[in-house]
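What follows is a short report on a single structure.
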Amino acid sequence: MEKKKITVIGSINMDLVTKVSRVPLVGETVIGESFYTAPGGKGANQAVAAARLGAQVSMIGCVGGDTFGRELISNLESELIDTSKVEVVSGSSTGIASITVSGGDNSIIVTPGANNLVTPEFILRHEKAISESDIIILQLEIPLETVKLAASIAKKHGVKVILNPAPFQVLPEQLLNDVDYLTPNEHEQKQLLLSLNSEQKEEILKKCIVTQGPKGVAIYKDGVGEIPGYRVEAIDTTGAGDTFNGALAFALSEGMELKEACQFANAAAALSVTKPGAQGGMPTRDEVKALIK
């Protein structure tokens with residue numbers, strides 16, 4: 001069977017990770033335990049998650065003409081991801097995420113850099129790649145107008161759209177109508193519902209697959225209900241949501257029903273938190289199958 005094509009349109013960042021015993025208060029300095037850099041960005045993370053499971057993945061995005069940019073493209077290629085639609089923009093810096101990890105949890109500051117250059121005009125140049133995909137994955141670390149146009153193009157060509165509404169912002173009605181699956185976490189779901197009127201809430205909830213950390217997933221689409229999480233020892237939760245999204249796209253592309261696809265993605269996300277780094281713990285298909293068994 002020919003592999004289905006998954007195209008990820010989104011951010012490509014370098015993560016700058018500091019581990020610390022506790023997060024400092026305003027004006028306070030604390031001594032960090034360790035520091036490392038790791039490939040990240042919600043878009044790139046989701047692409048790696050899907051590719052590591054065995055999907056055929058293309059990445060559409062921008063990096064700066066700097067060392068980080070070259071490293072990040074090389075990393076995507078090492079995961080067998082097609083980077084022919086990743087543009088290197090000289091004169092711009094590559095996006096970075098400054099991540100503080102404390103007690104197995106994390107706080108993040110994202111500086112978009114070249115990700116802001118993934119413009120609607122840039123996306124129009126890649127309409128053919130979108131039209132030839134089976135599923136596209138979008139997030140909100142590139143301009144909202146770009147996300148809106150990409151979803152519209154996908155809808156026009158009958159391509160399924162997964163939108164991970166993170167970091168959250170109020171979403172235009174057209175975008176909400178054009179996506180097939182919305183994958184907020186609990187916090188993002190609350191913000192999403194607050195931004196909608198009562199009529200919209202009912203319709204949009206039907207598209208929601210809500211990630212709830214160790215508790216599992218709530219699926220409102222098709223009235224599926226709750227899927228419990230897996231008990232694992234969390235080392236670093238960075239990238240768990242991205243793993244879920246990449247794994248969900250992979251599972252759906254393999255023809256799994258929604259409930260089974262979410263169980264699969266749930267297991268992948270659980271495995272991802274057992275190792276440090278956003279991409280460090282992203283599992284293979286065999287590892288996910290073993291956990292489900």
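Looking for something polar (S, T, N, Q), surrounded by fewer than 23 Cβ atoms within 10 Å (Cβ to Cβ) and outside any loop (DSSP other than H, G, I, E, B) - is there at least one such residue anywhere in the stretch 259-268? Yes, some residue in the stretch 259-268 is polar (S, T, N, Q), surrounded by fewer than 23 Cβ atoms within 10 Å (Cβ to Cβ) and outside any loop (DSSP other than H, G, I, E, B).
Looking at the structure I just gave you, is G213 at pLDDT 95 or above and over 19 Å from T119 (Cα atoms)? Spelling it out, it is not the case that G213 is at pLDDT 95 or above and over 19 Å from T119 (Cα atoms).
So for the stretch 146-169 (the condition being buried (at least 19 other Cβ atoms within 10 Å of the Cβ), in contact with a Cys (Cβ under 8 Å, 6 or more places away or on another chain) and either β-branched (V, I, T) or within 19 Å of A265 (Cα to Cα) (or both)), does at least one residue qualify? Among the residues of the stretch 146-169, not one is buried (at least 19 other Cβ atoms within 10 Å of the Cβ), in contact with a Cys (Cβ under 8 Å, 6 or more places away or on another chain) and either β-branched (V, I, T) or within 19 Å of A265 (Cα to Cα) (or both), which makes the answer no. Pairing each residue of the stretch 8-33 that is farther than 23 Å from G280 by Cα with any residue that is surrounded by 10 or more Cβ atoms within 10 Å (Cβ to Cβ) and not β-branched (V, I, T), provided the two are 6+ apart or on different chains, yields C-beta distances under 8 Å for V30/S21; V30/R22; V30/P24. For the stretch 97-111, taking the residues that are surrounded by fewer than 21 Cβ atoms within 10 Å (Cβ to Cβ) and in contact with a Pro (Cβ under 9 Å, 6 or more places away or on another chain), the one that is farthest from E33 (Cα to Cα) is identified as V110. Consider the stretch 160-218 and keep the residues that are of a type in the set (S, T, Y) and in contact with a helix residue (DSSP H, G or I) (Cβ under 8 Å, 6 or more places away or on another chain). The one that is farthest from P143 (Cα to Cα) is T211.
Just so you know, in the stretch 224-258 the residues that are among the hydrophobic types (A, V, I, L, M, F, W, C) and not in a helix (DSSP H, G or I) include one that is modelled with the highest pLDDT, and it is M256. Checking every residue in the stretch 102-123 against the condition of being of a type in the set (D, E, K, R) and under 20 Å from S84 (Cα atoms) gives at least one match. Sub-8 Å Cβ pairs linking a first residue in the stretch 209-221 that is touching a residue at least 24 places away in the same chain (Cβ under 8 Å) to a second residue that is acidic (D, E), at least 6 apart or interchain, are V210/E186; T211/E186; Q212/E186; G213/E186; G216/E226; V217/E226; I219/E226, ordered by first then second residue.
The rows are residues; the columns are (1) farther than 14 Å from I142 by Cα; (2) aliphatic (A, V, I, L, M); (3) out of contact with any Gly (no Cβ under 7 Å at 6 or more places or on another chain).
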{"residue": "S90", "(1), (2), (3)": "yes, no, no"}
{"residue": "S93", "(1), (2), (3)": "yes, no, no"}
{"residue": "V101", "(1), (2), (3)": "yes, yes, yes"}
{"residue": "G104", "(1), (2), (3)": "yes, no, yes"}
{"residue": "S107", "(1), (2), (3)": "yes, no, yes"}
{"residue": "T111", "(1), (2), (3)": "no, no, no"}
{"residue": "N115", "(1), (2), (3)": "no, no, no"}
{"residue": "T119", "(1), (2), (3)": "no, no, yes"}
{"residue": "K128", "(1), (2), (3)": "yes, no, yes"}
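Applying the set (1) more than 27 Å from N116 (Cα to Cα); (2) buried (at least 19 other Cβ atoms within 10 Å of the Cβ) to V30 leaves exactly one unmet item: (2). May I ask you to verify whether V57 is at pLDDT 95 or above, surrounded by fewer than 22 Cβ atoms within 10 Å (Cβ to Cβ), in contact with a strand residue (DSSP E or B) (Cβ under 7 Å, 6 or more places away or on another chain) and of a type in the set (A, V, I, L, M)? No, not satisfied. Looking across the stretch 67-96 at every residue that is more than 24 Å from K148 (Cα to Cα) and among the charged types (D, E, K, R), the one that is surrounded by the most Cβ atoms within 10 Å (Cβ to Cβ) is identified as E79. How many of the residues making up the stretch 42-71 are part of a loop (DSSP other than H, G, I, E, B) and out of contact with any helix residue (DSSP H, G or I) (no Cβ under 7 Å at 6 or more places or on another chain)? Selection size over the stretch 42-71: 2.
In this structure, does I235 turn out to be of a type in the set (V, I, T) and surrounded by 17 or more Cβ atoms within 10 Å (Cβ to Cβ)?
No.
The condition of being under 28 Å from K206 (Cα atoms) and hydrophobic (A, V, I, L, M, F, W, C) holds for only one of A166, A97, A114, that being A166. Only a single criterion out of (1) among the aliphatic types (A, V, I, L, M); (2) within 14 Å of A97 (Cα to Cα); (3) at pLDDT 95 or above; (4) surrounded by fewer than 24 Cβ atoms within 10 Å (Cβ to Cβ) is not satisfied by I12, namely (4).
The values are calculated or read from the model by the stated rules, or taken from the named source; none is laboratory data. All figures in this text were calculated on a predicted structure; none of them were measured in a lab. All Cβ positions, even for glycine, are placed from backbone atoms using ideal geometry, and neighbour counts span all protein chains on display.
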